[in-house]
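J.: Submitted below is the structure of interest, expressed as structure tokens.
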Amino acid sequence: MIHDLWYKHTVIYNLDLETFMDANGDGVGDFEGLMRRIDYLYSLGIDTIWLSPFQPSPNRDNGYDIKDYYGVDPRHGSLGDFVEFMNLAHNRGIKVLLDLVVNHTSDQHRWFQEARKDKSSPYHDWYVWADEPPPDLRFESVFPGAVDGTWSYDEKAGAYYFHRFYPFQPDLNTDNPDVRTEIRRIMGFWLQLDVQGFRVDALPFVLESLAQHELAEGKGKPAVHFEYLREMRDFLQWRRGDAILLGEANVAPDQMRPYAGNGSDGLHMMFNFYVNQYLFYALATGEVQPLIEALEATRILPSCGQWAYFLRNHDELSLDKLTQQEQEKVFAAFGPEAEMRAYGRGIRRRLAPMLGDRRRIELAYSMLFALPGTPVLYYGDEIGMGEDLRLPERMAVRTPMQWADEPQAGFSTAKKLVRPVIKTGPYSYRQVNVASQRRDPNSLLNWMAAMIRLRQECSEIGLGAWRVVESGSPCVLALLYEWQGAYLMTLHNFSPQPQQVEIDLEVEGGDTLDNLLVSGQSQADDSGKHCLTLDAYGYQWHRVGTPRYILERERA
Ligand code: NOJ
């Protein structure tokens, strides 16, 4: 097993420049602002930043509608600022991942403008066209309720074009070799500017073959071109050996494996949407068995592969993989009002208001850090920011970062902002902000930094083998990790009641547990079992065996 797979022992932080920090006072966040806050991120302990799209864009889908892949939207600064930022990040040992949004472009992209103007233009075939909308509508919109259908008529072209997402995001035709060449050029461009890899947006759709005649004839299911993923991976690795692909693919467990390939020809990392949904199920119901089953069902990665785990992100919390009954329980707990829901399958809220109770928020984050993969944080969740349900769709969770109890939350000096700051209620910037939490030793922010440090010290979680240990409680998830002969165990109680557990580790040194969060050790009883009590929503992290410093002290 290779030890230097950096993506297996990193903590990723996702932010959107637009709402992170505005330095020039125009109401939109920028690279200059991010550079001023780089030490905040450094001291939080994260070591990879995933930047949401920042390229020139009409910005109708939060930047996921790009009109020029080789630049920086002037609202955020210049390419020069990007390179300055990269330098600061690397000085602090922080790696940078970019979103690679190549399933579609903006309809304002020059390629689409050329494509629609003239059927004989080489760009025409860069998109997916049909003279008549296909007879069967196998292709569902990704945003039901907000977008009807996936084909729109373009007057200029006199034909229908395919868009998996919004109508202003025409899908690129990745069957066309010129499109593939261009995508390589885009990757190569940013790799040359030192990024460490990409979060590949909407990957299953990028790999879908959308050959026009098949679509128009409504034949069968679209083929998924995994060979194209291999091609991307080859190119990436050829250009930069330690760069990675982190795929966004919310697919069922039986569909996952081909995305990972054999470890050297697919994704390095993939978001585990399936476990995410069952984690929320466990938080909603207190039952851990379905979460255990989800973890086991996704135990499919080759040894170089890694899961990326998250709690919330910039989209809705999708519950699409749960059964209807399971979905209802999560909706009832975390999205009881219709306005909290989106697309009939998700919840458009931030973590803190959903969970409410500080103990539960800690439980959720401790669990995230303990899941056998790489944790990904969403900006603002480290201070427990809330959502603004007056904003449409997913915008609710994309409000400006709350830096201080100052006008505009310290995010900007402008009167009008790209999106309003949260001004009222318990999650307003007056109550929830970085400046006041920094000063408070008991704040969520300081707790989070301590947990990130703990996670960074326990790299057996990301690198090692793991198994579920019988805890005797239906509400407690016990995980044991092994890495190079050393063991670590974590316990998480999803119940609002304290729980007693009996743990029999059956591994070398397993009769002693050293608690990493509060001082104390546990010794197994005569039958080799540890009897432990977890508080309501409690969590514990234990190193297994007598710690080296104690052995050394005894020897001295
Ligand atoms: C997935 C992104 O997470 C989402 O925000 C975006 O709308 C779609 N892909 C389309 O790019």
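J.: Over the Cα atoms, compute the radius of gyration (one decimal) and Dmax (the largest Cα-Cα distance, rounded to a whole number) for region 352-426, in Å.
T.: Both quantities, over Cα of region 352-426: 14.1, 44 Å.
J.: Let me test this: with uniform point scatterers at the alpha carbons of region 1-112, what is the Debye-based log₁₀ I(q)/I(0) at q = 0.10, 0.22 1/Å?
T.: Evaluating at q = 0.10, 0.22 Å⁻¹ gives log10 I(q)/I(0) of -0.31, -1.21.
J.: Under a point-charge model restricted to the Cβ atoms of Lys and Arg (+1) and Asp and Glu (-1), what is the dipole moment magnitude of region 236-357 relative to its Cα centre, in debye to the nearest 20?
T.: The dipole of region 236-357 has a size of about 320 debye.
J.: What do you get for Rg/Rh of region 150-276 when both radii come from the Cα atoms and Rh is the Kirkwood radius?
T.: When Rh is taken as the Kirkwood radius, the ratio is 0.99.
J.: Which residues does a label at D535 reach in region 478-509, if reach means a backbone N under 17 Å from a point 7 Å past the Cα toward the Cβ?
T.: Inside the label zone: 491-501.
J.: Of the peptides 447-453, 13-19, 233-239, how do they stack up when ordered by the mean number of other Cβ atoms within 10 Å, highest first?
T.: By packing density, highest mean first, the sequence is 13-19, 447-453, 233-239.
J.: Report the gain in length on full extension from E114 to K416: 0.36 nm times residue separation, minus Cα-Cα distance, nm rounded to one decimal.
T.: Separation in residues times 0.36 nm, less the Cα-Cα distance, equals 105.2 nm.
J.: Counting only pairs 8 or more residues apart or on different chains, how many lysine pairs in the chain have their Cα atoms under 27 Å apart?
T.: Taking the Cα cut-off of 27 Å, the pair count is 15.
J.: How large is Rg over Rh for region 59-124, taking Rg from the Cα atoms and Rh as the Kirkwood inverse mean of 1/r across Cα pairs?
T.: 1.11
J.: Next question, about the same structure. Please list, by residue number, everything in region 396-412 whose backbone N is under 18 Å from a paramagnetic label point 7 Å out along Cα→Cβ of N24.
T.: Counting only backbone N, you get 411-412.
J.: Can you send over the carbon and sulfur percentage of the accessible area for region 226-306, probe radius 1.4 Å, protein chains only?
T.: 49
J.: Taking all pairs of distinct Cα atoms, average 1/r, flip it, and tell me the Kirkwood hydrodynamic radius of the chain in Å to one decimal place.
T.: Roughly 24.7 Å, rounded to one decimal.
J.: Quickly rank 326-333, 158-165, 521-528 as a protection proxy: mean count of other C-beta atoms within 10 Å, highest first.
T.: Going by the mean number of other Cβ atoms within 10 Å, highest first, we get 158-165, 326-333, 521-528.
J.: Between N446 and D242, what is 0.36 nm times their sequence separation minus the Cα-Cα distance? Round to one decimal in nm.
T.: Contour length minus Cα-Cα distance gives 70.3 nm.
J.: So for the pair T424, E293, with labels modelled 7 Å out along Cα→Cβ, what separation do we get in nm?
T.: For the pair T424/E293, the computed spacing is 4.3 nm.
J.: Share of antiparallel DSSP beta bridges in the chain, in percent to the nearest 5?
T.: 60
J.: Which is farthest toward the positive dipole end of region 401-556 among T424, G509, W447, measuring Cα position about the Cα centre, with Cβ charges +1 (Lys, Arg) and -1 (Asp, Glu)?
T.: Final value for the positive-end residue is T424.
J.: Mind pulling up the Rg/Rh value for region 78-172? Radius of gyration and Kirkwood radius, both on Cα.
T.: Taking Rh as the inverse mean 1/r over Cα pairs, Rg/Rh reads 1.16.
J.: Any idea what % of Cα-Cα pairs in region 409-483 are farther than 16 Å?
T.: Cα-Cα pairs of region 409-483 separated by over 16 Å account for 70 percent.
J.: Give me the percent relative contact order of the chain, please, defined on Cα pairs under 8 angstrom at least 6 residues apart.
T.: RCO, the chain: 12 percent.
The values are calculated or read from the model by the stated rules, or taken from the named source; none is laboratory data. Just so it is clear, the model here is predicted, and its values are computed rather than measured. So basically every Cβ, Gly included, is an ideal-geometry build from the backbone, and we count neighbours across all protein chains shown. Each accessible area value is taken on the protein alone, full model and side chains, heavy atoms only, with ligands, DNA and RNA left out. Shrake-Rupley method; radii C 1.70, N 1.55, O 1.52, S 1.80 Å.
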